[in-house]
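The values are calculated or read from the model by the stated rules, or taken from the named source; none is laboratory data. Just so we're clear, the structure is a prediction, and the values are computed from it rather than from any experiment. Positions of Cβ are backbone-derived with ideal geometry, glycine not excepted, and every protein chain shown enters the neighbour counts.
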Amino acid sequence: MDALLTTDLPFPVFRRGKVRDVYDLGERLLIVATDRISAFDCVMPQGIPDKGRILTAVANYWFEATRDLIPNHLIASQVEEYPAELQPHAELLRGRSILVKKTLPLPVECVVRGFLAGSGWKEYQATRSVCGIAMPPNLPMASSLPQPIFTPATKAEEGHDENISFDRFQGLLGGDMAQRLRSMSLSLYHRGSEMAAQRGILLADTKFEFGVDDEGQLLLIDEALTPDSSRYWPAEGWRPGIQPPSLDKQFLRDYLERLPDWNKQPPAPDLPPNIIEGVRSRYLDLASRFGVGF
Ligand SMILES: Nc1ncnc2c1ncn2[C@@H]1O[C@H](COP(=O)(O)OP(=O)(O)OP(=O)(O)O)[C@@H](O)[C@H]1O
Ligand SMILES: [Mg+2]
């Protein structure tokens, strides 16, 4: 089984991200999700077969399920509805691409956390706060927070995103926009975690991106509530105090953390077949729990 690592379509490249190749079609963008996977902001040398299709299907599920809360960038996801110039590439594009409205992306990542995980857990142990927000004492690993918190970050062009305080977030975007993004992000997290809970899944945390279109309308862009942008835990494997099994990238991060000699700088190490298969089966498990086919 092959993974699609890169695309080379005959259209101007808008941006090649760590995972998606984005082509500029004028007022619209063609976003192609490859099978690349990144961890610690490094793209791995091997891809995860079908990952681009799984991510696209999961994101589209959530664009539909959150449309009443906020409009999103999605215009079409069925290749048959794409413009004629894309039809020669139908086979490559099917299931792993979307046609979207081009927006001006806001230069921030809107993170919401409902549980103590990852860098939040590390920070809590050192300071009893998460992204500068004070927390009650004696919370164990993976415990739920008293309420979900909004912990924005800047979107770094190069290198790692940096967590910022809400004050700095307001300084970057203006007070009105900052309040709007915070309350929208919390509403989206609420929707995501309620729907996940019905499927026996905990949404530990997630990240949203927003953009403004040329009519000045705020849109949800990029991807939403995917296992690349979120931490998902099977509810049956969760209890405070232990690291829960995950349905996301954590399995890959754990493998990389165990390597004695990789310092999280490129080039990333080769991934053995069992790790590739382990990530793939977790992403597939998540999609099937939501009833998302691809
Ligand atoms: N509707 C949109 N309008 C403009 N840009 C968009 C839109 N949707 C997504 N993007 C941008 O397309 C890119 C998608 O690629 P990908 O997610 O692989 O990038 P990435 O490596 O995460 O990089 P970044 O740090 O820029 O998000 C992102 O930079 C995202 O901000
Ligand atoms: Mg991204």
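Couple of notes before you dig in:
- The single condition among (1) touching a residue at least 40 places away in the same chain (Cβ under 8 Å); (2) buried (at least 20 other Cβ atoms within 10 Å of the Cβ); (3) within 11 Å of ligand 1 (Cβ to nearest atom) that Asp21 does not satisfy is (1).
- The residues in the stretch 34-59 that are under 20 Å from Arg231 (Cβ atoms) and basic (Lys, Arg) can be counted, and the count is 2.
- Residue in the stretch 63-95 that is farthest from Met184 (Cα to Cα), counting only those that are assigned to a loop (DSSP other than H, G, I, E, B) and within 17 Å of the chain's Cα centre (by Cα): His73
- Set Leu173, Leu186, Leu86: member being surrounded by 14 or more Cβ atoms within 10 Å (Cβ to Cβ), assigned by TED's automatic domain parsing to the domain that holds Asp205, farther than 30 Å from Gln243 by Cβ and away from ligand 2 (no atom under 16 Å from the Cβ): Leu173
- Applying the criterion of being touching a residue at least 40 places away in the same chain (Cβ under 8 Å) and not in a strand (DSSP E or B) to the residues of the stretch 96-118, the residue that is surrounded by the most Cβ atoms within 10 Å (Cβ to Cβ) is Arg96.
- First in the stretch 215-229 and small (Gly, Ala, Ser), second anywhere and more than 8 Å from ligand 1 (Cβ to nearest atom) and assigned to a strand (DSSP E or B), Cβ under 8 Å, 6 or more apart: Ala224/Asn72; Ala224/Phe208; Ser229/Thr206; Ser229/Lys207; Ser229/Phe208
- The set of residues in the stretch 15-38 that are over 17 Å from Asn274 (Cα atoms), of a type in the set (A, V, I, L, M) and within 15 Å of ligand 2 (Cβ to nearest atom) comprises Val19, Val22, Leu29, Ile31, Val32, Ala33.
- The one condition in (1) surrounded by fewer than 19 Cβ atoms within 10 Å (Cβ to Cβ); (2) in contact with a Cys (Cβ under 8 Å, 6 or more places away or on another chain) that Pro152 fails to fulfil: (1)
- Under the condition of being within 10 Å of ligand 1 (Cβ to nearest atom), basic (Lys, Arg) and over 22 Å from Asp270 (Cβ atoms), the residues counted in the stretch 24-59 number 1.
- Test: residue in the stretch 59-77 that is at pLDDT below 95 and within 16 Å of ligand 2 (Cβ to nearest atom): no
- Selection count, the stretch 202-214, where residues are within 16 Å of ligand 2 (Cβ to nearest atom) and over 16 Å from Arg20 (Cβ atoms): 3
For (1) within 16 Å of ligand 2 (Cβ to nearest atom); (2) under 29 Å from Lys102 (Cβ atoms); (3) aliphatic (A, V, I, L, M); (4) surrounded by 15 or more Cβ atoms within 10 Å (Cβ to Cβ), each residue gets a yes or a no:
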position	(1), (2), (3), (4)
Gly159	yes, yes, no, no
Asn163	no, yes, no, yes
Asp167	no, no, no, no
Arg191	no, yes, no, yes
Gly216	no, yes, no, no
Pro227	yes, yes, no, yes
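- Close pairs from the stretch 260-271: first acidic (Asp, Glu), partner surrounded by 10 or more Cβ atoms within 10 Å (Cβ to Cβ), Cβ under 9 Å, at least 6 apart: Asp261/Pro269; Asp270/Met44; Asp270/Pro45; Asp270/Gln46
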